[in-house]
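A short worksheet on the structure shown next.
The values are calculated or read from the model by the stated rules, or taken from the named source; none is laboratory data. Computed from a prediction, not measured in an experiment: that's the story for all the values here. A quick note on method: Cβ atoms are made from the backbone with ideal geometry, for glycine too, and the neighbour counts reach across all protein chains shown. Just so you know, the surface numbers come from the protein's heavy atoms only, side chains and all, with ligands and any DNA or RNA stripped out. Shrake-Rupley method; radii C 1.70, N 1.55, O 1.52, S 1.80 Å.
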Amino acid sequence: MQKLLITILVAGLMVPALSFAEKGDIVVRARITHIAPDESSHLVSAVGDKLEVDSNTIPEIDFSYYFTKNIAAELILALGSRHDVNIGGSGNNAGAKLGSINLLPPTLTAQWHFNPDQTIDPYIGAGMSYIRAMDRNLNLDTAGITVERNMFGPALQAGADYNLPNKWLVNFDVKKIWFSTDVSTTTKIDNLDIDPWVVSFGVGKKF
């Protein structure tokens, strides 16, 4: 029995201890992010038509700063997310492809980590997104169509870090972002609510 206890103790000492986030820590995460628009279109020019925005998966990096072990701020950055825009519905223009837009969506959230110092560290958060349309031109036949250059919207998130030895972690995160844009030719033709779900998975490191 004594030999068994000594063996367990030695084995435990050889396993690197988990390192939990503390006040002043910075966490850098690299993630794969899937952006799935939950759009609502209000075309005013054609009965039965609506705008549809497709999904995209992109690489993303984020930075978190821990004010305390419970409270952190997270800045989410991405290179840009390109989405095809088409006309759906049952109208005369259904099936038309309008092109694509490229959106840059930095998001800042404040997080509450309600179960720190555990292997699984869940959190919830809220904040704001700034969406910049870097490529905003669409076309239908010969008619030029544009979306707004700058958009803002609130964001909610929930996720969890799975703490690993040597200050590494695995992360899963889900966000809901609400924002809309005016779609115009020479006049406004739509108020498009894009409202995407943003689902991310990746790894991180504490510093």
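Among all residues of the stretch 44-56, there is none that is among the hydrophobic types (A, V, I, L, M, F, W, C), closer than 30 Å to PRO165 by Cβ and open to solvent by 30 Å² or more (accessible area, probe 1.4 Å). Scoring MET128 on the criteria (1) within 18 Å of HIS34 (Cα to Cα); (2) surrounded by fewer than 18 Cβ atoms within 10 Å (Cβ to Cβ) leaves a single failure, condition (1).
If I go through the stretch 89-115 residue by residue, how many of them are over 23 Å from ASN150 (Cβ atoms) and surrounded by 17 or more Cβ atoms within 10 Å (Cβ to Cβ)?
4
Restricting attention to the stretch 125-179, the residues that are over 16 Å from ASP190 (Cβ atoms), in a strand (DSSP E or B) and among the β-branched types (Val, Ile, Thr) total 4.
Out of everything in the stretch 185-205 that is open to solvent by less than 20 Å² (accessible area, probe 1.4 Å) and modelled with pLDDT of 95 or more, what residue ends up being farthest from ARG136 (Cα to Cα)?
The initial filter retains those residues of the stretch 185-205 that are open to solvent by less than 20 Å² (accessible area, probe 1.4 Å), namely 190, 192, 194, 196, 198, 200, 202, 204.
From what's left, modelled with pLDDT of 95 or more: 196, 198, 200, 202, 204.
On the way: PRO196: 17, VAL198: 21, SER200: 25, GLY202: 29, GLY204: 33 Å.
Per the stated criteria, the residue is GLY204.
The residues on offer are ASP135, ASP141, ASP121, ASP182, and the sole one that is surrounded by 15 or more Cβ atoms within 10 Å (Cβ to Cβ) and either over 24 Å from LEU79 (Cα atoms) or not basic (Lys, Arg) (or both) is ASP121. When you check VAL174 against the structure, is it β-branched (Val, Ile, Thr), open to solvent by 20 Å² or more (accessible area, probe 1.4 Å) and in contact with a Phe, Trp or Tyr (Cβ under 6 Å, 6 or more places away or on another chain), yes or no? So VAL174 fails the test.
Within the stretch 167-207, track down each residue that is within 19 Å of VAL28 (Cβ to Cβ), touching a residue at least 40 places away in the same chain (Cβ under 8 Å) and aliphatic (A, V, I, L, M). Lay out the reasoning, then the answer.
Step one: list which residues in the stretch 167-207 are within 19 Å of VAL28 (Cβ to Cβ), which gives 167-173, 175, 198, 200-207.
Cutting the leftovers down to touching a residue at least 40 places away in the same chain (Cβ under 8 Å) gives us 167, 169, 171, 173, 175, 198, 200-207.
LEU169, VAL198, VAL203, listed by residue number.
Quick check on the stretch 85-100. Is at least one of its residues part of a strand (DSSP E or B), more than 30 Å from LYS206 (Cβ to Cβ) and under 17 Å from the mean Cα position of the chain (by Cα)? Walk me through it before giving the result.
Of all residues in the stretch 85-100, those part of a strand (DSSP E or B) come to 85-89, 97-100.
Cutting the leftovers down to more than 30 Å from LYS206 (Cβ to Cβ) gives us 85-89, 97-100.
Checking which are under 17 Å from the mean Cα position of the chain (by Cα) leaves us with none.
Among the residues of the stretch 85-100, not one is part of a strand (DSSP E or B), more than 30 Å from LYS206 (Cβ to Cβ) and under 17 Å from the mean Cα position of the chain (by Cα), which makes the answer no.
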